[in-house]
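Quick note: the coordinates plus some simple rules give every number you see, no bench work behind them. Because the structure is predicted, anything quoted here is derived from the model rather than measured. Note that each Cβ is placed from the backbone with ideal geometry, even for glycine, and that neighbours are counted across all protein chains shown.
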């Protein structure tokens, strides 16, 4: 076994974990991916991260940077041996906040919620928001270009970062924490490291954008008769609310049915035809004036939707509690999916104009291949991002999971037809690494490999992730 | 001389220009940079662009991609010999518009205004807007990550592009015209090519974001007693208007004085102390409700500014004509600068929180070195982007221009102190190429060189621009 004295010299014996101690780090939080690590090293500063990387270079030892270990595609779990896990959790300081510039400088190991809370305490909004926010880290959010529920208004993680501090693959520190809205002095290295899943270098800190906290937020639930109508409603809402439209979520009927079945305290307050609508849309309006103004605007624009027959019925929240209840329906879907059984899951993106056609055609092809499976479809329609899942229906769980590869192929072929993406939010990791090679433009893949080769010539950074051939030499 | 038969075979004789015919292409529009080109080739399709690049690869002949030739830093003018200018002006088709997805696919040679107009005809806004919009091309806008007057709300050119079609340095075509708001399938190649000033490949088409057209826009002019007050007013306006705030421009007293002197039909309608204010701020509010609502919101928020003593006085436009008059003051500054004589110009960016301190300290240092020069300062304060110019004052034009390098050094040293940038909008080109080497983080420069080497190993793409050592081999 490799001697780890050099690591101990850098970070101290307490922060080099081996054997049993590595257990929490080598399996992903859902228990879907598992691997082995030579050790887990927990540096306490950027300088220590750089020293660890230089040490690993000397040993030709691959490195796996890890934050909160909440990847949904095995991006932070070992997939090659040997590998050293480099945990960023001790780099958890908020270095500074600049409310006049609307920026905050945070270290990679900060928990997302910690950053949200710190901003809120300074009357600012850090708008990145996703289910894992209580345990995922900013470093992981940036490495995977996390999305979440407010992308429609504020963009993905990449759009929220102005500057980075990065330890390069050879252990140098790039001091790029500029907090500028405009900077045209060369290649956009920030955007390159963001979303590279730790395969090009290690993000140790970032300068992030802050926003004003909305004065009011209001929510409406709309029953619609088709996905086409939902897409038209989106156009109307964008025109009516512009940047005030902070969420536009779509949910198929069976999703909300499962929620109500699973959580009897929740209910879908529509009646008649609307209660049987095939699709529902959750709309959130953020307003910089008042609760009253937000409500009036929702009434006005959704009134137009009713007049134009884009909506079967509309429920507008009367107060914050009702808003939360409507959101709770949406947020309960992943939990309620358990009622429907394990499923073949997708995190896809398609142009909004193609969503209805994509769903119709793909559903038909899947039904032709596996008659009676159940489609479980919901997601961020405002971004064209759907959780397009296929549950067992009349099959057993084991059966539907055995269809996984064939279903993937049907879905990915359809995505290719409509210029969609096989990963809108979650990234590639190890889960979709081999699929990416099949479906990505070959010139694009070649460019990615050239960049990987240029910035990490020894293939030491998060090997076996993202690029199928990025295995250590 | 090199035989150009191969080029003629690709594009036809009419589209290979030599000798006198190259004149309009080898000098920039301001006549500041001039060079020589072996020829100008004007391909008519992406396939022809790729064929030209492959031909140039065979000849080891450097290529200079060119759009509308409106660069402000010599980015599109030859600086090495021999070089072949590749004009994108014939790739001028709008390929498609998708109003449901709010995207438009345009070729690189489309004039910016053509894209704005096409979007407007489809009730959509393409928000990129800048002085050269009647002649600059989308390809050039993307290659330089153009900014302009609406960055505060809509971002730079990079933020407005969702997908690209690119001819790589070795003449392959990357088909990356996806129109997705979320796509996490690898490295962000779009952002890398955007802003790379043609040094990594040739952008031939792009998928761009569209937005709803605001229902109303209103403008206010505010007299403030200091840059600190202007920055505080920005915070108040961001809180009050959020994304509705589409412009926040600052202008020093002498800039508007020069405008009024130069164009007697224009006037500054303040009186008393406000008329003598050292700084003025132009605020534009875009509204998705009505003219009346926009006006009420401006009155409300700027009323708070007066109460909080952040403003000396406020003029709110009564109608569209008055709005245009207020904007006309701002837009006339570059023309009126002629009254003040040629100047040493900067296009800098600093954190908003540092603007006042930066201006105070830098002005003081420049006055210490050159007592009596005149400071001409205006720009996009909302983005921290200032046109920080130094005019002759009590010197001759020739004298102040002879101070240029020394003034650059004072300004760039101060920028380094406040983590600012020496090019917020215009890019590097050849004008600031040698300065970049002195002021950019060395690790950042090394990363840029590694990427350049990986994607353009023969250094054939726009040689002599951006990176000081990117000369052809």
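Laid out as a table, the results:
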quantity: Structure-based [θ]222 nm, chain B - -39500 (n - 2.57) summed over DSSP H runs of at least 4, per residue, nearest 500; calculated: -10500 deg cm²/dmol
quantity: Pairwise FRET efficiency - residue B:257 versus residue B:398, Cβ, R0 = 22 Å, nearest 0.05; calculated: 0.35
quantity: Hull shadow area, averaged, the stretch B:1-150 [alpha-carbon convex hull, nm²]; calculated: 9.5
quantity: For q = 0.15, 0.25 Å⁻¹, Debye-computed log10 I/I(0) when each Cα of the stretch B:26-105 counts as one equal scatterer; calculated: -0.61, -1.13
quantity: Prolate/oblate/rounded call for the stretch B:257-334, Cα gyration tensor, a/c under 1.5 rounded; calculated: oblate
quantity: Relative contact order (%) - criterion: Cα under 8 Å, at least six apart; region: the stretch A:32-104; calculated: 43
quantity: Nearest-ten-degree value, helix B:442-455 long axis tilted from longest Cα axis of chain B; calculated: 40
quantity: Normalised per residue, the volume of the convex hull around the Cα set of chain B (Å³); calculated: 154
quantity: Nearest 10 degrees, 0 to 90: helix B:112-121 Cα axis against chain B principal axis; calculated: 70
quantity: 10 Å binning of all Cα-Cα separations within the stretch A:66-201, expressed as whole percents from 0 upward; calculated: 11, 44, 35, 9, 1
quantity: For peptides A:23-31, B:148-156, sequence by mean Cβ density within 10 Å, most packed first; calculated: B:148-156, A:23-31
quantity: Label 7 Å beyond Cα on the Cβ vector: residue A:57 copy-to-copy distances, nm; calculated: 3.1
quantity: The protein assembly as shown - Debye-derived log10 I(q)/I(0), Cα point model, q = 0.06, 0.08 Å⁻¹; calculated: -0.43, -0.78
quantity: Protection proxy ranking, peptides A:181-193, B:327-339, A:425-437, B:196-208, average beta carbon neighbours within 10 Å, highest first; calculated: B:196-208, A:181-193, A:425-437, B:327-339
quantity: Centre separation in Å (Cα based) which lies between the stretch A:175-220 and the stretch B:1-41; calculated: 41
quantity: Calculated label separations, residue A:226, copies of the chain, 7 Å along the beta-carbon direction, nm; calculated: 6.3
quantity: Convex hull of the stretch A:1-71 built on C-alpha atoms - directionally averaged projected area, nm²; calculated: 4.9
quantity: Number of partner chain Cβ atoms within 10 Å, mean per residue of B:169-182; calculated: 6
quantity: Computed FRET value (nearest 0.05) for residue B:20 with residue A:405, which takes r as the C-beta separation and R₀ as 60 Å; calculated: 0.40
quantity: Where only C-alpha atoms are counted, convex hull volume of the stretch A:273-404 per residue in Å³; calculated: 134
quantity: Stretch gain in nm, segment residue B:135-residue B:2, where the contour uses 0.36 nm per residue and the Cα spacing is subtracted; calculated: 44.7 nm
quantity: Along each principal axis, Cα extent of the stretch A:152-253, largest first, Å; calculated: 56, 29, 22
quantity: Cα radius of gyration and Dmax for the stretch A:391-458 (Å); calculated: 15.4, 51
quantity: Cα gyration tensor shape of the stretch A:170-327, rounded if a/c is under 1.5, else prolate or oblate by comparing a/b with b/c; calculated: prolate
quantity: For residue B:319, inter-copy label distances in nm, listed shortest first [label point 7 Å out on the Cα-Cβ vector]; calculated: 4.7
quantity: Part-to-part distance (alpha-carbon centres) for the stretch A:112-138 and the stretch A:296-373, which is given in Å; calculated: 26
quantity: Between 0 and 90°, nearest 10: helix B:355-369 axis offset from chain B longest Cα axis; calculated: 80
quantity: Mean separation of Cα contacts under 8 Å, 6 or more apart, over the residue count of chain A: relative contact order %; calculated: 15
quantity: Over the stretch B:331-429, volume per residue of the alpha carbon convex hull, in Å³; calculated: 97
quantity: Residue order, fewest to most surrounding Cβ atoms within 10 angstrom, among B:465, A:392; calculated: A:392, B:465
quantity: Rounded, prolate or oblate (a/c below 1.5 giving rounded, otherwise prolate when a/b exceeds b/c) for the stretch A:424-473 by Cα gyration tensor; calculated: oblate
